[in-house]
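Data block below; observations after.
The values are calculated or read from the model by the stated rules, or taken from the named source; none is laboratory data. Keep in mind that what you see is a predicted model, and the values were worked out from it rather than measured. Glycine gets a Cβ as well: all are built from the backbone with ideal geometry, and neighbour counts include every protein chain shown.
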Amino acid sequence: MPDITTRIGDLTMRSPVMLASGTVGYGPEYEGIIDFAVAGAIVTKTITVEPRVGNAPPRLVETPGGLLNAIGLENVGLTAFLAEKLPEAARLPVPVVASVAGTEPAQFEQLAAAVGERDEVAAIELNISCPNVERPRNPVWSDAVAVAEIVSVARAATGKTLLLKLSPNTSDILSVAEAAERAGADALTVANTLPGMRIDVERRRPALGNTTGGLSGRALMPVNLALVWKVAGHVSIPVVGSGGIGDTGDALEFLAAGATAVQVGTALFAEPAVPSQIAEGLRNYMGKNDVASMDELVGMAREEKRVCAETA
């Protein structure tokens, strides 16, 4: 069988298919629904220092080709996560990546230190890009200086593998990506959701209680695929592709663009077996095309990769 083992920093995964933050709760809520034994890792619901009640309902609205969500980072807070949710998640047969978010660098430092000292946590994803809670002007995800400070303090606080989740909603993602790499990020998740909205014409008001939400699902796939291609060509650390991935073909496109791994999210709501289907599909593709390892898949569509393969 082709080897689909994937490594990002110190995080070793049985497959490159990760479960995206916010789509499977803290993990155990989906036990018996999703086969965690075939997933590469689970990224937990984002944790903040203090508990958050999230945004007013309605929080989810379907839209052609995707889903709008405005959860607002509802979570139990750091203390309850460490005492209750993390031990439960650690029972699952899959590495746990803790997603954390703060409103200032000091909170990211606190979260990284507290979560990073726990053996149950295999890696940490810094969520700087949730569109439902950020400041409307000069958002942190577009500020390379602010991002560098966040990554730097988190890096100093923990030796665990650090992923930074970028936003597609910026005109200069490369500056942010490069700043994160220089500051010590081990990998970049590219990317979060795009802001969007729907209007309920019967009620004559926005369909979401928060007015706008984050667009995920198939409509986002070509947007984030282009960003993966762009970012992977300018950084030397691994890129994790995310956004609209629903089958093996989608995953292969992200890998071919330069992603080392992928995150599946919205597709799970319609088909919980997607992670296992993608993992099996990757093995089948590799077997049919005489591909021995994941390293051969990553960036296979890039010119520099093809040149190296032809001259080897």
message: Suppose we keep only residues that are acidic (Asp, Glu) and over 16 Å from the mean Cα position of the chain (by Cα) within segment 225-267. Which one would you say is farthest from residue 283 (Cα to Cα)?
response: 253
query: In segment 184-211, how many residues are more than 26 Å from the chain's Cα centre (by Cα) and under 30 Å from residue 160 (Cβ atoms)?
result: 0
- line: Among (1) within 24 Å of residue 1 (Cα to Cα); (2) modelled with pLDDT of 95 or more; (3) surrounded by fewer than 21 Cβ atoms within 10 Å (Cβ to Cβ); (4) not polar (S, T, N, Q), residue 198 falls short only on (1)
query: Out of segment 270-300, which residues are out of contact with any Gly (no Cβ under 9 Å at 6 or more places or on another chain) and closer than 17 Å to residue 216 by Cα?
result: 272
- request: Test residue 57 against the stated conditions and say whether it is surrounded by fewer than 18 Cβ atoms within 10 Å (Cβ to Cβ), part of a loop (DSSP other than H, G, I, E, B) and modelled with pLDDT of 95 or more.
  value: yes
- request: Hey, can you tell me all the residues within segment 237-263 that are within 16 Å of residue 291 (Cβ to Cβ) and of a type in the set (Ser, Thr, Tyr)?
  value: 248, 260
- prompt: Inside segment 129-144, can you point out the residues that are among the aliphatic types (A, V, I, L, M) and modelled with pLDDT under 95?
  reply: 133, 140
query: Within the bounds of segment 268-280, is there any residue that is in a loop (DSSP other than H, G, I, E, B), within 14 Å of residue 4 (Cβ to Cβ) and polar (S, T, N, Q)?
result: no
statement: Here the residues within segment 292-304 that are at pLDDT 95 or above and assigned to a loop (DSSP other than H, G, I, E, B) are 298, 299, 300, 301, 302
Scope segment 38-54; condition surrounded by fewer than 21 Cβ atoms within 10 Å (Cβ to Cβ), out of contact with any Lys or Arg (no Cβ under 8 Å at 6 or more places or on another chain) and not in a strand (DSSP E or B); matching residues: 49, 50, 51, 53, 54
message: Please determine whether any residue of segment 240-256 is part of a strand (DSSP E or B), modelled with pLDDT of 95 or more and not polar (S, T, N, Q).
response: yes
Per-region count, segment 1-16, residues under 14 Å from residue 240 (Cβ atoms) and either in contact with a strand residue (DSSP E or B) (Cβ under 6 Å, 6 or more places away or on another chain) or not in a strand (DSSP E or B) (or both): 7
message: Of everything in segment 179-195, what is under 25 Å from residue 10 (Cα atoms) and either in contact with a Pro (Cβ under 9 Å, 6 or more places away or on another chain) or surrounded by fewer than 18 Cβ atoms within 10 Å (Cβ to Cβ) (or both)? Give them in sequence order.
response: 182, 184, 186, 187, 188, 190, 191, 192
- line: Checked against (1) surrounded by fewer than 21 Cβ atoms within 10 Å (Cβ to Cβ); (2) among the hydroxyl-bearing types (Ser, Thr, Tyr); (3) farther than 21 Å from residue 177 by Cα, residue 266 satisfies every condition except (1)
task: Check segment 158-169 and report whether any residue there is surrounded by 18 or more Cβ atoms within 10 Å (Cβ to Cβ), at pLDDT below 95, in a loop (DSSP other than H, G, I, E, B) and touching a Phe, Trp or Tyr at 6+ places or on another chain (Cβ under 6 Å).
output: no
query: Which of the residues belonging to segment 179-235 are closer than 24 Å to residue 71 by Cα, without any contact (Cβ under 8 Å) to a residue 60 or more places away in the chain, part of a helix (DSSP H, G or I) and aliphatic (A, V, I, L, M)?
result: 221, 223
query: Residues in segment 17-37 that are over 21 Å from residue 292 (Cα atoms), touching a helix residue (DSSP H, G or I) at 6+ places or on another chain (Cβ under 6 Å) and outside any loop (DSSP other than H, G, I, E, B): how many?
result: 1
